[in-house]
Every structure is written in structure tokens, then in C-alpha cells.
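Working notes, structure below.
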Amino acid sequence: MSDGTEAVLYDGVRSQPHAARITVREQNALQVEYDKERFTWPLEHEGLQWERSRDSLRISFGEFPRRVIIVRDPIFIQSFVLRMRYSGRQGLYDRLLAIARSGPVLFFLAVAALMVGGYLWLLPWAAEGLAMVLPRTLDRELGEAAYSSMAMTLEEDTARTIALQQFGDALDLSDEDSLIFHVVKDDQVNAFALPGGHIVVFTGILDKMDQPGELAALLAHEGTHVAERHSTRMLMRQLASYVFISMLIGDASAIVAVVAENADNIRNLSYTRGLEEDADRHGMERLHARGVDPQGMVELLKLLNEEAMEIPQAMQFLSSHPLTQDRISTAETEVSKLGPMAVAPLDLVPLFTAVRGNK
Amino acid sequence: MDPINPLQRLAFRGKGVDLFIVLIVNWLLTIVTLGLYYPWAKVRKLKYYYEHTELDGHPFHFHGTGREMFIGFIKAVGLFAVLGGGGFALYYFVHPLLLQVVLAAGVIALFPLVIHGTFRYRMGRSSWRGIHFGYRGELGPLYKQCLTDGLITVITFGFYAPWFTIHLRNYVLGNVRWGSSRFEYKGDGPDYFILNLKCYFFTLFTLGGYWFRWRKELFDYYVNNLSWHLGDDRVIRFKSTATGAGMFRLIIGNLFLILLTLGFGYAWAEVRTMQFVTRNIEFIGDADLGSVVQTEQEHKQALADELGDLMDIGIFL
């Protein structure tokens, strides 16, 4: 046997490994000797593949079944990898791996920062962008499906529903969707909107109100959730973050599970603080334009705030975020910003009395 | 280091740091490509496990490529989209209940296909000492077996599930080849049933303490019933040396490793698991591993592998 580096060769025919010696020749070829055979593999050949792990180099050559050489000599590995790098046969992946190995901690921190940044800012942005591209009919279909699945469990007050529909229609809250209002017999101080137009108001919240402005504000707030497609946006956000996390942990099944789960679960989506304030603000603008005093929003929020202090867990108002003094003062600022109304005030008292019923 | 045990021929030489680096680079590329790198990331991770698992000092090799995984992934997603789309169409236009029916039927119909395809792919793309593994099972018998056992399992409210599992293992592992050699799994439904039943009661009485013992026994049951046939009555049997205490240390240790690092200790936990598995399998019998001839074909269809991911079906049954 001549000089060269020790290696192990698998001939691809039998499982008996061979002791081999390997040398890099001047003409850019690998010379391999084992038993009594000798052959050369051109380094630039397409059929030559190599993979390097931390302490071994695997070179294979030819068609299936390929002959394989494993080299463990660090000096040979280093010079081989360098040579391949100069000839341009080192991919982006190996370069990244090399960078990562040279400073694992720093690399990790950089990736972690990128991940957190991507998760907190890029992901919601991209998801909401995607949501806005989806057709509005999707909102309607999602909403219909969700409503029909929960309709059985809701006890609707038909007479008050008709009155609420008239009240809502008078406000003319949406240009794009026709809003369908429901009054449901339930003591919870709560209301929610489904994508596409169903807005459900519980008798519990109606009975707390004593002026039409509050009800107008509630409907305007919920109407904005519908008009601005908040549910769909939140759904896409949630979906995107599940996809993101399950990709990181390499668990694709989670994605399927989430799609299946969320189709039914729109009602329990919680909006972000920003979307809630959006709904307050747009709602007030809408009321202002229709001749309803936006001060009603401030009254509504105060009413809900008091309620929240009395029975904390009952206070949902479509959100897991507690109502804070902040939201009230933001609404107050908005009232003064909007100034006096440009149109004749809308008289909602008769319609409100009808909604209130005999209480 | 453990004393050198000639029967302990498997070893895992991976290191937590190295696997961690592989995983971070995977994460980085996955984020930057908005997820499209996922199939390549999967291959990188698998390759790391294979390369660092050695039998008699020779590493295993995974031949799969990101490209073929990607093609499989796209097909799997397409199949799911068709299934889901069909289900939703029926949901809207015919009857809401049909969605569940279609999805359930889809999962039942796909399960044997996923097992079959995943084994064909994983085995066809694995080799040791240049000789490829292979899977010779056929889809027809597997379907027949799964449907019969599945039906009995449903009728018996799940009591038959241990038999289902064992029949599946016997069939699938019995069709694994390494070149001209073959594997065999001889599990027994009643034994496996009693094993699980025992665990249920003892775990209750020992306030969960028996659970680790049970995990150890499951591992034993897997390993001890497996054998490797190299022709002419030359057989290698496997013997588990796992202990309840060892299983306890592994599981509790990994739990802490992952919890205390908020998940970033995952790589180290994986390495510990691989070390535990390789260290606790002994090879009984000195059949010659050098006389095996290459017989198995390559198989490059990764569809089932990806379907399995989407449906959360592990291949270790």
C-alpha cells in the first residue's frame, strides 16, 4: 500500500467494509486504493457528493448503489473542505453552519432576536395583510357557519330582536355588510359580533342601559368589528402564529389541528387592545356622522367599567383585556376631537324604548 | 464512560451543542423562507441523528434530500386541501355532519397508506455500511389487517387496541430488510394487553410511580421481541438493559432540561434520549454482519412521510 490517508470504504455490493487509503491528486482527482484495487474519482464530477459532519467526512461516487468512503482524519477533512470551498462547491448551508459553529452563543442570540422580532411584528403584519386580501364573502360564510352552530344554544327574544334590528338599521352602521342583530336572553353583561354581520346582544347588557346613546355606541363598536373584519384578521393572526411555532418545533400536525379547531371557535377569539380601541374610535366617528352624540361611547365604557368592578369574570365585552380608565379617557379625547355634529340629531328614544321592552 | 460492553454495539455520538447549532440554522432558514425550508430542515435534523448513530463504529446514513421531501410535502398539502375542500363542500351544500364523516373516513383510509409509505421511504433512504435498508410490506394485506383490527377495536370500545398495535408491529417490522438480511418482530397481543393493564392499576396504586416502570417495560417489549435474521439460522437477538431508575432519570431529566431552559434545552434532551436508547440495547449472537448483499431498491417518494407529519402519525408505532 502506498501513502495516503486511512479511510473506510463501503463498496455498495457487500456489507463487508474495506480498509482503504485516499489521496488527493494534482489533477483534481481523488485516488482511492483498497484491497488490490485502485481507482480515481474526479473532484469536479457531478456524481461525486460529499457531506461533512463534525468529525467525519463522507464521500460517495457513482450511480446507485454508490461506493462510499468515510474519512475521519481531521487534517484530510480540513484540506478537502477548503479545496471544495475554493472550487465553489460549498453551499450557503455549510457557510451558515460554519458561522454558527464559530460563535454559537452570538449566533443563537441573533437568531432568537430575529425570531422574536418576526413573531411580534412581521407575522401579525403579514397575517393581517393576507386577511384583507381574502374576499369578504369568506367573512360571511365563517359567520354564518359559526352562528348556525351556536343558534341552538341561544334563546332569542324575538320581539326585542325586531326592535333592535330597527334601532340598528336607523344607525346605518355598515356600507358593505348588512348587519343582523339578535337579542338573546342571558344575564351576562356582554355582546359579540361574528364576521360578516351577526351581532348578538345579551339582555344582561341591555337591561343595564338607560339611554339610547349607550346602545348606539355598543352597536357602533360591534359594527366596526364587522366592517373592519377584525375577526378574520385575528383568525389569520392566530393561525399564522400557530403555523410559525409548529414549524419551529417541526410539528406539522398542529397546523391541521388549528385549522379544524378555529373554524368553529370564532366567538371565543379575543381582539387585541389596539383593535378594541379601533372599534371604539371608528364607532364614534360613525355615530357622529349619523347625528348621534359620541358621548354615548364614554357612558357605555363607564357603565361597563362599573360592571367589571362588581363582577370581574363576567366582564368580557368581546375581549380578554380589562377595560381600563385608559380606554375611557381615549374615548373622551375623541369626543372633544370630533366637536359639534354637522347633521341634525337622530331621535333614537322611541326605538330605544321598544328595545328596552317592558322593563 | 461506561465500561466497554461487547454486547452494546450501538452508540450515539451526537452532542447537544452540535445538534443545537443544526436546529438554530434550521430555524433561521425556516423563518427567512417563510416556512418553505421546512422539508430541508427536517432532512438536516434526520441526517444529524443518522450520522451520529453508530453500530460497531460504522455510522448510519440517511439519503433523503430536501427536494424530495418538499415534493412530498406539496403533494401532502394538496391531498389535504382536496380532502378538506371536498368535506367543506359537503358541509355547506349537503349536510354539516358530512364534514366529520369525510375527515374521519379520510384519516382511516390514509392511515395504512401513511405507515406503508413512510416505512418504504425511510427504509429505502437509510443505509449502513453502504447497504440500503428496505421495506417489503404490501399495501393490500396491511389495509385488510388495519380495517379488521380497527373494526374490532371500535366494537370492543378500545380493548382490542393492544392487539391492533402488536399485529401492526409484527407485520411492519417483519418486512424490514437490510440488504439480504431481514428483521422480525414477534409480539403477542395478550402479553401486551396485560402489560398495559398492569400499568393502569399499579400506576393508580403507586400514585404514578409505576408509570416509569411501565415506560421501561414498553421499551423492553419493543426491543426484546425484535430479531435480526442474517440467513442460515444466523440470528441476532436484541435485549433491553433499561431500568426503571434509568427511565426515571431520562424522563425527569429531560423534563427539567426543557422546562428550565424554556424549550431551548430540547437538543440536549434529544441527545440524552438517543444515548439512552442506544446504550440500552444489547446484541445477543455473533452473526457475521459482513456477509450481507445489497438487494433493496431506492425509494424516493416522500409523500407518506409528510402526510404522517400532518396527521401526527409516528413511525415507531
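Among the residues in region B:175-188, are any part of a helix (DSSP H, G or I) and under 22 Å from B:Val292 (Cα atoms)? Within region B:175-188, none of the residues are part of a helix (DSSP H, G or I) and under 22 Å from B:Val292 (Cα atoms).
The one condition from (1) free of Cβ contacts under 8 Å to residues at least 12 places away in the same chain; (2) more than 28 Å from B:Phe88 (Cβ to Cβ); (3) within 29 Å of the chain's Cα centre (by Cα) that A:Ala220 does not meet is (1). Listed conditions (1) of a type outside the set (Gly, Ala, Ser); (2) outside any loop (DSSP other than H, G, I, E, B); (3) under 30 Å from B:Ile258 (Cβ atoms) are all met by B:Glu68, apart from (3). B:Thr148 satisfies every condition listed in (1) surrounded by fewer than 19 Cβ atoms within 10 Å (Cβ to Cβ); (2) not in a helix (DSSP H, G or I) except (2).
Please give the strands (runs of 3 or more DSSP E) falling wholly within region A:121-237 in which 1 or more residues are surrounded by fewer than 23 Cβ atoms within 10 Å (Cβ to Cβ) and in contact with a Ser or Thr (Cβ under 9 Å, 6 or more places away or on another chain). If you could, list the steps in order and put the result at the bottom.
Numbers: elements: A:180-184, A:191-193, A:198-202.
Result: A:180-184.
Restricting attention to region B:188-246, and to residues there that are among the β-branched types (Val, Ile, Thr) and at pLDDT below 90, which single residue is farthest from B:Asn175 (Cα to Cα)?
Let us first name the residues in region B:188-246 that are among the β-branched types (Val, Ile, Thr), namely B:194, B:203, B:206, B:223, B:235-236, B:241, B:243.
Those still in the list that are at pLDDT below 90 too: B:203, B:206.
Details: B:Thr203: 35, B:Thr206: 39 Å.
Ranking the qualifying residues of region B:188-246, first place goes to B:Thr206.
Looking at B:Ala302, is it touching a residue at least 12 places away in the same chain (Cβ under 8 Å), within 14 Å of chain A (Cβ to nearest Cβ) and crowded, with 17+ Cβ neighbours inside 10 Å? Considered against the rule, which asks whether it is touching a residue at least 12 places away in the same chain (Cβ under 8 Å), within 14 Å of chain A (Cβ to nearest Cβ) and crowded, with 17+ Cβ neighbours inside 10 Å, B:Ala302 comes out as yes.
Let me confirm something: among A:Arg52, A:Arg67, which residue is under 45 Å from the mean Cα position of the chain (by Cα) and surrounded by 12 or more Cβ atoms within 10 Å (Cβ to Cβ)? First the steps, then the outcome.
Details: A:Arg67 fails: under 45 Å from the mean Cα position of the chain (by Cα).
On inspection, the qualifying residue turns out to be A:Arg52.
Quick check on this structure: which one of A:Gly168, A:Gly143, A:Gly197 is in the same structural domain as A:Pro350 (by TED's automatic domain parsing), in contact (Cβ under 8 Å) with a residue 40 or more places away in the chain and on the phi > 0 side of the Ramachandran plot? Within the list A:Gly168, A:Gly143, A:Gly197, the selection yields A:Gly197. Of everything in region A:97-120 that's surrounded by 15 or more Cβ atoms within 10 Å (Cβ to Cβ) and within 19 Å of A:Arg233 (Cα to Cα), which residue is nearest to the chain's Cα centre (by Cα)? It comes out as A:Tyr119. Selection of region B:35-55 for residues being in a loop (DSSP other than H, G, I, E, B) and facing another protein chain (nearest Cβ under 8 Å) yields B:Gly35, B:His52. The criterion of being part of a helix (DSSP H, G or I), within 21 Å of B:Phe119 (Cβ to Cβ) and at pLDDT below 95 holds for B:Leu168. If you check A:Phe76 against the conditions, is it in contact with a strand residue (DSSP E or B) (Cβ under 8 Å, 6 or more places away or on another chain) and buried (at least 17 other Cβ atoms within 10 Å of the Cβ)? In short, yes. Meeting the requirement of 3 or more residues that are away from every other protein chain (no Cβ under 14 Å), the strands (runs of 3 or more DSSP E) wholly within region A:1-72 are A:18-25, A:29-34, A:37-42. Scan region B:267-279 and tell me whether some residue there is in contact with a helix residue (DSSP H, G or I) (Cβ under 8 Å, 6 or more places away or on another chain), in contact (Cβ under 8 Å) with a residue 40 or more places away in the chain and within 12 Å of chain A (Cβ to nearest Cβ). Yes - at least one qualifying residue is present in region B:267-279.
The values are calculated or read from the model by the stated rules, or taken from the named source; none is laboratory data. Source: prediction; values computed, not measured. Ideal geometry is used to build each Cβ from the backbone, glycine not excepted, and the neighbour counts take in all protein chains shown.
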